[in-house]
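Enquirer: Okay, here's the structure, questions in a sec.
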Amino acid sequence: MTTNMPKTKTQDDCRHQWKMTHLRSGYLVVEGCLHCRHRISTFSEEPVPPIDDYREEEHFWSHLGDFQASKFDLQCEKCAKNVRLADVMAIMLCMRCDPECGVYKAGSGSGARKTWVYVALCADTSHDSVTCVSEEGLRALNEYFGQNLHDPDKKILVVPCSLRRSVDNCQGVILADVGLTELY
Amino acid sequence: MNVSEMAKKIGLASFNSSGDKEIRGVYISDMVSDIIGIGEGNLLVTLQTHKNLIATANLVDVAAIVFSRGKTPAEDVIALANKAGIQLLGFEGDTWALAKKLYEIGIR
């Protein structure tokens, strides 16, 4: 049996047009281990962010800080492909503070006159493990933030936080709410 | 309408001189976690004057930022906005008064 239905575009050959989906507010919570000094980040959707200390195997995690932030996924408006960004805890603007940092170097190799490097922050802030934000997630984030730029000289580059040289010395600006209680 | 024409009609103060983009909409918010989801070309009206706001505004490519209630950004915030090519403007009245003025001059 034959059909006259047009061949539908597959997700693989689609030139994606991303939109934000599943946008939700919560708290970026940063915790540190008193023993090994590693740091981790989580995204809490609880009304009040958790601040209690707790033990997890050899780690003793203590609350270091929290910021109101948002989390989202991306979906293609053409092919409906959905990219879950579960491993992205927050996004940070690189302030180009350290020429030896991998994030700094990533922004130096671009041909665009005004390249702005943003860092996708994963849960493993100190990078005790080798995992970071997924390649698929990074690709979608780059396409999403680049798709509506009208200035041909401007480029948004999103890189994984595993490129960051030092979490202690980093002067990046996290896209999270600060000073909400100082407004009035 | 472009940013310069809007600023002149309403009589906004200017904290820097960074481009003259077209205004394609208006968004009013004081939360970075909210602004990250808006489309490009919006005039952002806010009370927040910190760097995190500029970092987010740059990512979503705003037309300009207006600080209402006489809020004034610090020098390092203005410097970051200059790098990003974001015009920073100021309005002495409250956000509702500014919203009315924007509507009156045809910005919807």
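Enquirer: When you check A:K81 against the structure, is it surrounded by fewer than 21 Cβ atoms within 10 Å (Cβ to Cβ) and away from chain B (no Cβ under 13 Å), yes or no? Lay out the reasoning, then the answer.
Expert: Values: surrounded by fewer than 21 Cβ atoms within 10 Å (Cβ to Cβ): yes; away from chain B (no Cβ under 13 Å): yes.
Yes.
Enquirer: Checking the condition open to solvent by 70 Å² or more (accessible area, probe 1.4 Å) and in contact with a Cys (Cβ under 8 Å, 6 or more places away or on another chain), which residue from A:Q17, A:Q11 passes?
Expert: So the residue among A:Q17, A:Q11 that is open to solvent by 70 Å² or more (accessible area, probe 1.4 Å) and in contact with a Cys (Cβ under 8 Å, 6 or more places away or on another chain) is A:Q11.
Enquirer: If only one of A:L138, A:L183, A:L175, A:L149 is within 14 Å of another protein chain (Cβ to nearest Cβ), at pLDDT 85 or above and closer than 26 Å to B:D34 by Cβ, which one is it?
Expert: Every option except A:L175 fails the conditions.
Enquirer: If you go through region A:128-153, how many residues are closer than 15 Å to A:D87 by Cα and aromatic (F, W, Y)?
Expert: Count: 0.
Enquirer: Another question, then. Mind checking which strands (runs of 3 or more DSSP E) fall wholly inside region A:52-104 and carry at least 3 residues that are more than 23 Å from B:D30 (Cα to Cα)? Before the answer, list the steps.
Expert: Values: elements: A:54-56, A:59-76, A:90-93.
In region A:52-104, A:54-56, A:59-76 are the strands (runs of 3 or more DSSP E) which contain 3 or more residues that are more than 23 Å from B:D30 (Cα to Cα).
Enquirer: Moving to a separate point now. In the list B:I78, B:I107, which residue meets the criterion of being more than 24 Å from A:G172 (Cβ to Cβ) and either more than 11 Å from every other protein chain (Cβ to nearest Cβ) or part of a helix (DSSP H, G or I) (or both)?
Expert: B:I107
To keep it simple, each residue is scored yes or no on (1) over 13 Å from the mean Cα position of the chain (by Cα); (2) of a type in the set (F, W, Y); (3) closer than 15 Å to B:L59 by Cα; (4) open to solvent by 60 Å² or more (accessible area, probe 1.4 Å).
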residue: A:K105; (1), (2), (3), (4): yes, no, no, yes
residue: A:V117; (1), (2), (3), (4): no, no, yes, no
residue: A:A120; (1), (2), (3), (4): no, no, yes, no
residue: A:S126; (1), (2), (3), (4): yes, no, no, no
residue: A:L149; (1), (2), (3), (4): yes, no, yes, no
residue: A:K154; (1), (2), (3), (4): yes, no, yes, no
residue: A:N169; (1), (2), (3), (4): yes, no, no, yes
residue: A:A176; (1), (2), (3), (4): no, no, yes, no
residue: A:G179; (1), (2), (3), (4): yes, no, no, no
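Enquirer: Now for a different question. Under 8 Å between Cβ atoms, which residue pairs at least 6 apart in sequence (or on different chains) link something in region B:26-46 that is closer than 17 Å to A:W18 by Cα with a partner that is open to solvent by less than 20 Å² (accessible area, probe 1.4 Å) and of a type in the set (F, W, Y)?
Expert: B:I36/A:F72; B:G37/A:F72
Enquirer: Moving on. Considering only region A:54-78, state which residues are within 14 Å of chain B (Cβ to nearest Cβ), farther than 20 Å from A:L28 by Cα and among the acidic types (D, E).
Expert: Matches in region A:54-78: A:E77 only.
Enquirer: Could you list all residues from region A:16-35 that are modelled with pLDDT of 90 or more and either in a loop (DSSP other than H, G, I, E, B) or over 25 Å from B:V60 (Cβ atoms) (or both)?
Expert: Once the filter is applied, which keeps residues that are modelled with pLDDT of 90 or more and either in a loop (DSSP other than H, G, I, E, B) or over 25 Å from B:V60 (Cβ atoms) (or both), region A:16-35 yields A:H16, A:Q17, A:E31, A:G32, A:C33.
Enquirer: Conditions first: (1) touching a Phe, Trp or Tyr at 6+ places or on another chain (Cβ under 9 Å); (2) open to solvent by 30 Å² or more (accessible area, probe 1.4 Å). B:T46 passes all but one, so which condition is the exception?
Expert: Checking B:T46 against (1) touching a Phe, Trp or Tyr at 6+ places or on another chain (Cβ under 9 Å); (2) open to solvent by 30 Å² or more (accessible area, probe 1.4 Å), the one that fails is (2).
Enquirer: Are any of the residues in region B:64-73 within 25 Å of A:V119 (Cα to Cα), in contact with a strand residue (DSSP E or B) (Cβ under 6 Å, 6 or more places away or on another chain) and either of a type in the set (A, V, I, L, M, F, W, C) or in a helix (DSSP H, G or I) (or both)?
Expert: yes
Enquirer: Return the total of residues in region B:44-63 being closer than 19 Å to B:M6 by Cβ, outside any loop (DSSP other than H, G, I, E, B) and not small (G, A, S).
Expert: Count: 3.
Enquirer: Residues to consider are B:M31, B:M6; find the one that is more than 14 Å from chain A (Cβ to nearest Cβ) and in contact with a strand residue (DSSP E or B) (Cβ under 8 Å, 6 or more places away or on another chain).
Expert: B:M6
Enquirer: So which of B:E40, B:E92 is within 11 Å of chain A (Cβ to nearest Cβ), part of a loop (DSSP other than H, G, I, E, B) and among the charged types (D, E, K, R)?
Expert: On the way: B:E92 fails: within 11 Å of chain A (Cβ to nearest Cβ).
Answer to the selection: B:E40.
Enquirer: Right, something else. Restricting to region B:50-80, and then to whatever is open to solvent by less than 10 Å² (accessible area, probe 1.4 Å) and of a type in the set (G, A, S), can you tell me which residue is farthest from the chain's Cα centre (by Cα)?
Expert: B:A55
The values are calculated or read from the model by the stated rules, or taken from the named source; none is laboratory data. Keep in mind it's a predicted model, so treat the numbers as computed, not measured. Every residue, glycine as well, gets a Cβ built from its backbone with ideal geometry; the counts of neighbours run over all protein chains shown. SASA here: full protein model, heavy atoms, side chains in, ligands and nucleic acids out. Shrake-Rupley method; radii C 1.70, N 1.55, O 1.52, S 1.80 Å.
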